[in-house]
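Nothing in this text is a laboratory measurement; each read-out follows from the coordinates by a stated rule. These numbers come from a predicted model, not from an experiment. Glycine also receives a Cβ, built like all others from the backbone with ideal geometry; neighbour counts cover every protein chain displayed.
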Amino acid sequence: MSDTAMSPANGVATSRINWRLIVPVAVIALMVLLPFVVGTQSYLLGIAVRAMLFIALGQAWNVVAGIGGQLSLGHGVFFGVGAYGTAILFNSLGLTPWVGGVLGAVASIAVAGLMGAATFRLRGVYFALATVAISLCLEKLARHFIGITGGDAGLAVRFIGDSLSAAQSRSPLPFFFASLVMVVAYYVLTRRLLRSNFGYQLQAVRDDEEAAAASGVPVFRTKMWGLILSAGMTALTGALYVQFYLAIDPGAAFGLGQAIQIQLPSLIGGLGTAGGPVIGGAIMILVSEVTNWLSARTAIHGLDILAYGAILLIVVMFVPGGLLGRTRRGA
Amino acid sequence: MAQDEVLRVEGVSKVFGGLKALSNVSMSVKRGEVVGLIGPNGAGKSTLFEVISGNMRATAGRIVLFGDDVSTVSPDRRRRAGMSRTFQKVRLFESLTTQENIAIAAMQCARSNDDWRGEVQSVMERLKLTRLAQSYPAELTLADRKKIEIGRAIVGRCRLLLLDEALSGLTMDEADELVGVVLSLNTELGVTIVVVEHVLPVLVSMAQRLVVLNFGEVIADGAPREVASNEKVMTAYLGSKRGAFS
Ligand SMILES: Nc1ncnc2c1ncn2[C@@H]1O[C@H](COP(=O)(O)OP(=O)(O)OP(=O)(O)O)[C@@H](O)[C@H]1O
Ligand SMILES: [Mg+2]
């Protein structure tokens, strides 16, 4: 990715402070301080990990769907392959998740390649439908091959206690920092992507495929690399997810609910923006904590889904581009 | 083949279902020419552009660009080889600024030592778009949107430019300005141009040669004067039998 920044200030203000970075830097600083404020065993850290895993999935999906305009409903596939792959390799071969996660990502990228080759000749809604079909197939497979996947009940990662090499910990603290690093890395990557040639290719394809081709953009290849990058990011997040929860099941991995949840942070926060999935994901987790608390009190289940739906509806009606609209793409 | 032949269309046909939009069309364009492509609505002008640019594959026939048969080459590669086009209905990247719209094409077509950033700036100056560099297409007038599309088309070593109804929908003044810009591309940058345009007097003032399509067939090809007095052309433009262009 060559740096192709084209903002008017480019090259002029390099030595001065970039004020636009104040908010992200402040947020990161506050997050780093959080464990010292709330305590390293606090349940709040667990919530933060949940939020950041969720945000990271949103960031990964945003690359191909938000920036590249390819509305995948099949990201559960990449997530599931990353999570199951890491867990299976550890349980059956004792392979460290540090390697297992990377292999999961590689497998996921291979799946993305096949998926792209099969579906990128299709456009719009057909692409989305094809991706749904593929994830439903994998869900069936995961339920069927009980010996490998644990079937409907899912898979529990063999717990061996605190261990760096097994990437396991009783405390949420290591996961807090791991997921924070992941979210920050994905954020930085998205920002850079938006200003790179590849990012512009993705955006051109999203806006108008034929005009993109007429401008020299290799459309198929652009979609393919976008999906591959996004799949790799999703799978790595799946690997971290399964280390934190120590469990994965077919619904959580490949279910339609998961596929839809992956999209919500970007849709609410701002499709195709770097900050959108972060803000959107944070809002959703805050809301879900409140609704879970309410659900527990009122014995009404599914309030979180209801709230997500309501938020999405409000956003779509009043701020269609998401909270960070198009023009603040770089935010 | 002639060294200075930029484009050759050889026996091209294009069928949509039962409709023959192009039927055995042949034509040739030399380096430096400005050729007008005319014909009644539905004659196949835009379809011919689609086939030349590679957006559609011809049902039969060959497209030779800069001496190479590109009939099976993708549209993005034809663009990088130096062939650009605009669309009858302007198509821009709506979520990107004027400058970004133009820069995308410049980036795709640049070779390693090209100063594509500088080129984007100079093209925006040429088209008087510099003050709109950070604007989004939706905020702009049709004339400016057309200029952005032309800017996007000419950056990155464009040698052959296909303009589909470059002037339609513009006011007289806007059209005049754009004609000037387009001609300067030809005279100053040496870009070869094929232009579709319905306002014939304007076209006659721009083009050295006219190619006339009717029902997917080339019915005339020659200097504007000859073409204007061609009988087939007069019949094709019913209602103006006395001379198609007056
Ligand atoms: N994608 C398509 N599918 C089916 N038919 C098409 C398609 N594109 C064009 N046509 C038909 O092909 C014929 C030629 O259309 P084309 O757009 O090339 O004409 P044109 O000369 O550009 O006309 P106009 O001056 O109205 O732009 C028309 O009958 C049109 O309806
Ligand atoms: Mg047309």
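Between B:Asp173 and B:Ser122, the modelled labels are 3.0 nm apart [label points 7 Å from Cα along Cα→Cβ]. Counting, for every residue in A:195-204, the Cβ atoms of other protein chains within 10 Å of its Cβ and taking the mean gives 3. Helical runs assigned H by DSSP (4 residues or longer) give chain B a calculated mean residue ellipticity at 222 nm of -10500 deg cm²/dmol, each run adding -39500 (n - 2.57) before division by the residue total. Helix-only arithmetic for chain A: the sum of -39500 (n - 2.57) across DSSP H runs with n ≥ 4, divided by the residue total, places the mean residue ellipticity at 222 nm at -23000 deg cm²/dmol.
Only lysine pairs 8 or more places apart, or on different chains, with alpha-carbon atoms under 19 angstrom apart are counted in the protein assembly as shown, and they number 11. Assuming charge only on the beta carbon of Lys and Arg (+1) and of Asp and Glu (-1), the dipole of segment A:171-293 about its Cα centre is about 340 debye to the nearest 20.
In terms of the mean number of neighbouring beta-carbon atoms within 10 Å, the peptides A:310-318, B:182-190, B:161-169 order highest first as B:161-169, B:182-190, A:310-318.
Each Cα pair under 8 Å and six or more residues apart adds its sequence gap; the mean of these over the residue count of chain B is a relative contact order of 25 percent. Once segment A:19-318 is represented by equal point scatterers at the alpha-carbon sites, with solvent omitted, what log10 I(q)/I(0) does the Debye formula produce at q = 0.09, 0.10, 0.11, 0.15 Å⁻¹? Values returned for q = 0.09, 0.10, 0.11, 0.15 Å⁻¹ are -0.43, -0.54, -0.66, -1.24.
Computed as a quarter of the hull surface, the mean projected area of the alpha carbon convex hull for segment A:175-249 stands at 5.9 nm². Dipole of chain A computed with +1 at Lys/Arg Cβ and -1 at Asp/Glu Cβ about the Cα centre; of A:Pro24, A:Tyr186, A:Leu138, farthest Cα towards the positive end is A:Pro24. Net length available on complete extension from A:Met317 to A:Ser295 is 5.2 nm, with 0.36 nm assigned per residue and the Cα-Cα distance removed. Centre-to-centre, using Cα atoms only, segment A:171-193 and segment B:40-73 are separated by 49 Å. Ordering B:Ser229, B:Asn55, B:Leu142 by Cα displacement along the dipole of chain B toward the positive end leaves B:Asn55 in first place; charges were set at the Cβ atoms of Lys, Arg (+1) and Asp, Glu (-1).
Expressed as a fraction of 2.2 N^0.38 Å, the value expected for a compact globular protein of N residues, the C-alpha radius of gyration of chain B is 0.99.
Across the options B:Gly180, B:Gly216, B:Gly32, the greatest Cα extent toward the positive end of the charge dipole of chain B (unit charges at beta carbon of Lys, Arg, Asp, Glu) belongs to B:Gly216. In sequence order, segment A:153-169 has phi-based couplings of 5, x, 10, 9, 6, 4, 8, 10, x, 4, 7, 6, 5, 8, 6, 10, 7 Hz under the Karplus curve 6.51 cos²θ - 1.76 cosθ + 1.60, θ = phi - 60°, and Gly or Pro positions carry x. Just round it to a whole percent: the fraction of Cα-Cα distances in the protein assembly as shown exceeding 37 Å. Taking all Cα-Cα pairs of the protein assembly as shown, the fraction more than 37 Å apart is 43 percent. Neighbouring Cβ atoms from other chains, within 10 Å of the Cβ of residues in B:75-86, number 4 on average. Simple point charges give the picture: +1 on the Cβ of Lys and Arg, -1 on the Cβ of Asp and Glu, and for segment B:163-240 a dipole about the Cα centre of about 320 debye. Placing +1 on each Lys and Arg Cβ and -1 on each Asp and Glu Cβ, with no other charges, gives chain A a dipole about its Cα centre of roughly 480 debye. Principal axis analysis of the Cα atoms in segment B:92-157 yields extents of 34, 21, 17 Å, listed in decreasing size. Note that segment B:45-54 has calculated 3J(HN,Hα) couplings of 4, 5, 4, 4, 5, 4, 6, 5, 7, x Hz, one per residue in order, obtained from phi through the Karplus relation 6.51 cos²θ - 1.76 cosθ + 1.60 (θ = phi - 60°); glycine and proline are x. In terms of its Cα atoms, segment A:210-331 spans 58, 37, 23 Å along the principal axes, sorted from long to short. Averaged over the residues of B:98-108, the number of partner chain Cβ atoms lying within 10 Å of the residue Cβ comes to 6.
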